[in-house]
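The structure appears right after this line, and notes come after that.
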Amino acid sequence: MRVAVRIQTEDFDMAGEWGACRDRCAGGAGALVAFGGLVRDLAPAAAAGAGAEVRGLRIEHYPGMTEASIERIVEEAGARWALLDVTVIHRVGELAPADQIVLVLVASAHRPDAFAACEFLMDYLKTDAVLWKKELRAGGDAWLLATRSDHDRRSAWRHG
């Protein structure tokens, strides 16, 4: 399994990443599944200050530790499903509404493995990746924590 984990301030080209993955896996992959996360312009319903206008998102990380935490998550996905290629790109720094935050791209011979691994990776990124997110809100900034729903989704992988 080829693994690429990148933490970066600059934007990424989702179509370019898709094409590169497709080319690397030519002939072996029957499925490529991608998830792209974006910065919202309103605080989510589950958050304190729900519905507040969001001016941006500041994402902080601990270099080296952040990548290692994500690589461990990818290794676990690779132990569960037959994966050919996994790319995780997570942006850090200050982002504006509608900016891309994260890309998870998974290639496998079969779609059930690709879909499950992509969902698993996102569920674990929300709870286990060494990243700190602060919503920059009109009425005052707020640190974001994983929600109860995020933890429940992650736990379901352990017990499901």
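Per-structure values
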quantity: Inter-residue pairs, beta-carbon under 8 Å, first assigned to a helix (DSSP H, G or I) and in region 8-33, second of a type in the set (Asp, Glu) and modelled with pLDDT of 95 or more, 6+ apart; calculated: CYS21/ASP85; ARG24/ASP85
quantity: Failed criterion for GLN8 (all others in (1) farther than 24 Å from ALA79 by Cα; (2) surrounded by 15 or more Cβ atoms within 10 Å (Cβ to Cβ) hold); calculated: (2)
quantity: Residue under evaluation ALA52, criteria (1) in contact with a helix residue (DSSP H, G or I) (Cβ under 9 Å, 6 or more places away or on another chain); (2) of a type outside the set (Phe, Trp, Tyr); (3) over 19 Å from MET122 (Cβ atoms), criterion not met; calculated: (1)
quantity: Residue list for region 81-103, restricted to those being within 18 Å of LEU32 (Cβ to Cβ) and surrounded by fewer than 15 Cβ atoms within 10 Å (Cβ to Cβ); calculated: ALA82
quantity: Residue match in region 104-112 (condition: buried (at least 22 other Cβ atoms within 10 Å of the Cβ) and basic (Lys, Arg)); calculated: no
quantity: Of residues in region 119-160 being part of a loop (DSSP other than H, G, I, E, B) and in contact with a His (Cβ under 9 Å, 6 or more places away or on another chain), the one surrounded by the fewest Cβ atoms within 10 Å (Cβ to Cβ); calculated: VAL130
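The values are calculated or read from the model by the stated rules, or taken from the named source; none is laboratory data. No experiment lies behind these values; they were computed from the predicted model shown. Because the Cβ atoms are built from the backbone with ideal geometry, glycine has one as well, and the counts that use them run over all protein chains shown.
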